[in-house]
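Computed from the coordinates by the stated procedures, all read-outs in this text should not be read as laboratory data. Everything numeric here is computed off the predicted structure, so don't read it as measured data. Cβ atoms come from the backbone with ideal geometry, glycine included; neighbour counts cover every protein chain shown.
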Amino acid sequence: MPALRKDLYVEQGSDFTWILVDKDSSGSVIDNTGHTARMSVRRAVNAPLELGLTTEGATSKITLGGANGNITVTMTALDTAALSAKSVQPSSGLISTGPKTVRENVQAVYRYDLERIDASGIVTRVRQGRLVLRAEISE
């Protein structure tokens, strides 16, 4: 089954949690007991890794729920603040505020994929899509 597309909207400098239920093509929940998972965030396909998350290690950011099929992805405020909003694009254009024009809803767009690896080493891409980073104003 091809990976489902899901765009994520993340506020730079804020904590972010995403909980999803992994299901097979018939809609049955996948028991992910004994599995691992990883998520990569990049500016574009084949671009350098900007953020890597995994279920492994002391600083794991992905938790698997076992029989209930839950996958929980967590990014701390430090993780989201570390993503660059340098190549920003306005999502709703320019706003005139009298003699000044300002950009509203400045954001950067990344690409991500989330993969689950079963106990025998078979990798399945679970989700993929855009990660839209809404730029932080306060620092």
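Under 5 Å from the amide H of Gly69 lie the amide H atoms of Asn32, each residue being 5 or more positions distant or on a separate chain, with H modelled from the backbone and absent for Pro and chain starts.
Couplings 3J(HN,Hα) for region 5-16, derived from phi with the Karplus relation 6.51 cos²θ - 1.76 cosθ + 1.60 (θ = phi - 60°), are 8, 8, 7, 10, 10, 10, 8, 4, x, 10, 5, 9 Hz, where x marks Gly and Pro. The peptide list 64-70, 127-133, 52-58, put in order of mean Cβ contacts within 10 Å with the highest first, becomes 127-133, 64-70, 52-58.
Close amide-amide hydrogen proximity is noted between Asp15 and Ala77, each under 5 Å apart and 5 or more residues distant or on a separate chain (H modeled in the peptide plane; Pro and chain starts excluded). If you look at the Cα atoms of region 1-69, you get an Rg and a Dmax of 13.8, 38 Å.
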